[in-house]
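Notes for the one structure printed next.
The values are calculated or read from the model by the stated rules, or taken from the named source; none is laboratory data. Because the structure is predicted, anything quoted here is derived from the model rather than measured. Cβ placement follows ideal geometry from the backbone for every residue including glycine, while neighbour counts extend to all protein chains displayed.
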Amino acid sequence: MSRSIGHELFDWIVNGLNRGSREAPRFLPLARSRSTPGGLHQEGNCMNEENAAENETSQPHPLSAAARRCLGVLVEKAKTTPDGYPLSLAGLITGCNQKSNRSPQMQVDESDALSALDELRAAGAAREIQGSGRVTKYRHAAYEWLGVDSPGAAIMTELLLRGPQTAGELRTRASRMHKFPDLDSLKTELDSLIEKGLVESLTPSGRGQTFSHCLYTPQERLYLVDKIKKQDASAAPTKSAPVTLEPVESGSGKSAHDDRIDKIQDRLDSVTAKLEALEKRLEFLES
């Protein structure tokens, strides 16, 4: 009898191991990568409608504009103002509508934010928790949902908050959340995100190459690609008209100005978060 039980136990363990070896990994990329070495421009790197239907809800998939903004704000505030994180609904709305570090500007109201949070929670990209004083707060689950680490999350957050950008712009802006020592380190991370199907290049490789996240809806992506093509066409000189070079404001000067505004906003967010924490402590002591 004991020998029979031993054999049954052995068979049960072996069968369990065999089943485990056949299970698919928890994270699946948005789409099978078709990028060329160095992240060269390839149409169709992002998820299309056909393979989007095949992915489960818990896997990365296109989000509405409000949901993308809310997810970006949650990750940004977790990294830049941890004292005020997780975020209350009011704090999230303020972050969505702030003027700096945002493109395009949005006017998200309470109804928009709640709908976006429902979308993110259903997707597995955000969670609702009970903060101190029974205040409902929200935190992201971007690392698990996207399958990224800190540098990848920083790049994805900037793309979610500001839209398509060049590698140089991404390095400057994402460094407030994760330090990239040089442009090559950022490009390496971009290649990894492209490989996962989370990022694509909207323009051919070279100077001014523009990158975008892959969480746009199919209709938004078509509009975005068409917009980029029209911008490139209007910027190209025509043969019929001579081109006159005139002094223009340097891009680096504008970028430096934007960086100063961004740093001021980050410090303001940090001070606000600390004040909120002090107010909570004071309320607790007085109660």
- Working carefully through the options 137, 79, 99, find the one that is of a type in the set (D, E, K, R), closer than 22 Å to residue 176 by Cβ and over 17 Å from the mean Cα position of the chain (by Cα). 99
- Which ones in the stretch 204-219 are surrounded by fewer than 19 Cβ atoms within 10 Å (Cβ to Cβ) and part of a loop (DSSP other than H, G, I, E, B)? 204, 205, 206, 207, 208, 217
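Any residue at all in the stretch 133-142 that's at pLDDT below 95, surrounded by fewer than 18 Cβ atoms within 10 Å (Cβ to Cβ) and part of a helix (DSSP H, G or I)? Give the derivation first.
If we filter the stretch 133-142 for residues that are at pLDDT below 95, which is where we start, we get 133-135.
From what is left, the residues that are surrounded by fewer than 18 Cβ atoms within 10 Å (Cβ to Cβ) are 133-135.
From what is left, the residues that are part of a helix (DSSP H, G or I) are 133-134.
Yes, the stretch 133-142 contains at least one residue that is at pLDDT below 95, surrounded by fewer than 18 Cβ atoms within 10 Å (Cβ to Cβ) and part of a helix (DSSP H, G or I).
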- Note on the structure: Filter the stretch 128-167 for residues that are out of contact with any helix residue (DSSP H, G or I) (no Cβ under 8 Å at 6 or more places or on another chain) and without any contact (Cβ under 8 Å) to a residue 12 or more places away in the chain; the one that is farthest from residue 65 (Cα to Cα) is 134
- Condition test on residue 158, is it assigned to a helix (DSSP H, G or I) and of a type in the set (D, E, K, R)? yes
- Query: Any idea which of 226, 232, 258 is under 18 Å from residue 72 (Cβ atoms), at pLDDT below 95 and of a type in the set (Asp, Glu)?
  - Reply: 258
- Item | Residues of the stretch 161-190 satisfying the condition of being closer than 18 Å to residue 62 by Cβ and in a loop (DSSP other than H, G, I, E, B) | 163, 164
